[in-house]
Each structure stands twice: as C-alpha cells, then as structure tokens.
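Colleague: Below: one structure in structure tokens.
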Amino acid sequence: MAPGETIRGLLELTRPGNAIVAGVLTFIGAYVAGGVTTSPLETGAAVGATVFAVGAGNAVNDYFDRDIDRINRPDRAIPRGAVSPRGALVFSVVLFLAAVGLALTLPWLAIGIAAVNLLALITYTEYFKGLPGVGNALVAYLGGSTFLFGGAAVGGIEATVVLFALAALATFAREVVKDVEDLEGDREEGLNTLPIAIGERRALFVGAGVLLVGVLASPLPFLLGQFDVVYLLAVVPAVLLMLYAMWRSFDDPSAGQKHLKFGTFLAAFAFIVGRAAVDAPAVVL
C-alpha cells in the first residue's frame, strides 16, 4: 500500500468532519457558558482534546467494527486495506494520549467529564454497541457532553445543561434511526440493537418519545431566565425540524437521521443567539 493511501486511510479513520464538528460544539459550550473571552487557553485546550478524542474513538471503533464494516461499509480504510487493524489501533492510542495531555490542563470537572468520555469511547463498540438502547444512550451522552465539557473547561456548566439534554436526546433518536438503516448488517453480525430486539417501528416510536422529552425541555433556558425571548424564537425552528425529521424517519430513515443531525446544529445555534443577546450591550434611548 502506497504511503499516501495509508495517510489518507488514517485520516479517514478519525472521521475528520465529525471530529471537527465535535470541537466546534465544545467551543459552543464554552461560549454559551460565557467563558471564551475570559478563558481562551482553556477553551483551546478543550477544543483540541475533543477533536483528538473523537478521532481516537472513531479509529478504535473501526478497529472493533472491521468485520461488520466488510458488510455495511466495505469502502472504509480497514476493509479496503488502506490501514491494517494493528495500525488503526496504534493510531487511536496516539490520539487518545494527545487528548489526555490537553485535558489534564483543564479544571477538575472538565477532567472528570473527559475521563468518563474517554472510557466510553474505548468501550463502546466492544461492550455496549450491541445492547438494545444502551449503545444508543452512550453515544447520545457523548454527543451532548461536548457542550458540558466546553462549559466545564471555562468554569461553568449551568447554561449548557439544557443544550446537553436536547442534543443528547436528539442524538439518541438519530442513533435509533441509524440502527434501522443498518439492520441487515447488524443482524448478520449478531448484534442485538433496539430495532432487532423490539422491531423497527417500535424502536422508532421509542426514539420519537425520547426526542419529545428534549423538545419539551427546550424552553427551560427562557423560563429560568438564563436567556431572553430571542433564544426562544431561535430554538422554535430547530425543534420543529427535529419533530419533522422523526416523523420522516418512519418512511425514510436515511433522510430522517440527516434532518435530525441538522436540527441539533440549529438548536446549538439558538443557544449561541441566546448568549449573544444576553452579552449584547443595552441600547440607551
């Protein structure tokens, strides 16, 4: 295998798009907590730790998933031979060490969140992915915790708690929909995902119910006085898109899970707008 193809394969293992997005979400968490300008070094360290940790988690996930990927994702780096399984494992360890090094420069609460997340990333595929609902819940926690981690890095998570919950619950729903998409390969591998355990339609109803909890919680930052009506106006399109996406998933899981992902980003944007409105100087007439 040519060196260029190996380097390309290693980069693919990290899912660079997902890793960068996770870093951006951590930055948003720090911003929503109001600490980006007061704690720039901590914000940068948290973002870097997130990018490395997510890249490492994706790489080790591909290592453990190499057999099932020959069915579901034959174009990925390990199944097509661009990277050996051993090479992927070593690469993931290097990335994990880089993430740990950056995380250790942060406050204790952020270090605690990072430790839990790193353990979850390492154990997810081998121990939890095939357990009905459990793997989905773990991925959901990891997705939402990027906001908590960003907030903890700059000394405050209060403003990020609802954002964490909304993102986590939406991610749970999206993971259930993705399991419906991957039903054939997961069944071939012997996994017992939620759609396999209780049926596709029931699993989708579970996802819809979980998402509804997040939608109902979305006005809390306004009701608790953390953000003003600007946030409320900004979050409405996000929750409407999420509800539409879940409804669409019953007929087209692929389209539904993509809309759910976009809806999560819109929700994060609503929190950015809410924080910006709070930080904006008052206009004196």
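None of the figures in this text is laboratory data; all of them are computed from the coordinates on show. Keep in mind it's a predicted model, so treat the numbers as computed, not measured. Note that each Cβ is placed from the backbone with ideal geometry, even for glycine, and that neighbours are counted across all protein chains shown.
Colleague: In terms of Cα to Cα distance under 14 Å, which aspartates and glutamates are near enough to residue 261, apart from those fewer than 8 places away along the same chain?
Modeller: Within reach: 175.
Colleague: A further question follows. Where the centre of each part is set by its Cα atoms, how far does the stretch 220-259 sit from the stretch 85-132, in angstrom?
Modeller: 30 Å
Colleague: May I have the pair-distance distribution P(r) for the chain, computed from all Cα-Cα distances with 5 Å bins from 0 and rounded to whole percent?
Modeller: 1, 6, 12, 15, 17, 16, 14, 10, 5, 2, 1, 0, 0, 0
Colleague: Under a point-charge model restricted to the Cβ atoms of Lys and Arg (+1) and Asp and Glu (-1), what is the dipole moment magnitude of the chain relative to its Cα centre, in debye to the nearest 20?
Modeller: The calculated dipole for the chain is roughly 160 debye.
Colleague: If you project the alpha carbons of the stretch 1-65 onto the principal axes, what extent comes out on each, in Å, largest first?
Modeller: Projected onto the principal axes, the Cα atoms of the stretch 1-65 cover 48, 23, 14 Å.
Colleague: Restricting things to alpha carbons, find the Rg to Rh ratio for the stretch 1-156 using the Kirkwood radius for Rh.
Modeller: So for the stretch 1-156, dividing Rg by the Kirkwood Rh gives 1.01.
Colleague: Run down the lysines and flag those whose C-alpha is under 16 Å from the C-alpha of residue 129, throwing out any fewer than 8 positions away in its chain.
Modeller: Straight-line reach from residue 129, under 16 Å: 178.
Colleague: On to the next question. How high is the relative contact order of the chain, in percent, with contacts defined as C-alpha pairs under 8 Å that are six or more residues apart?
Modeller: 19 percent
Colleague: Per residue of the chain, what 222 nm ellipticity follows from adding -39500 (n - 2.57) for every DSSP H run with n ≥ 4, rounded to the nearest 500?
Modeller: For the chain, the value works out to -25000 deg cm²/dmol.
Colleague: If you don't mind, another one. Can you tell me the dipole magnitude for the stretch 160-279 around its Cα centre, using point charges on the Cβ only (Lys, Arg +1; Asp, Glu -1), in Debye to the nearest 20?
Modeller: Rounded to the nearest 20 debye, it is 400 debye.
Colleague: I need the semi-axes of the equivalent ellipsoid of the stretch 88-219: take the C-alpha gyration tensor, multiply each eigenvalue by 5, square-root it, list largest first in whole angstrom.
Modeller: One finds semi-axes of 28, 22, 8 Å for the stretch 88-219.
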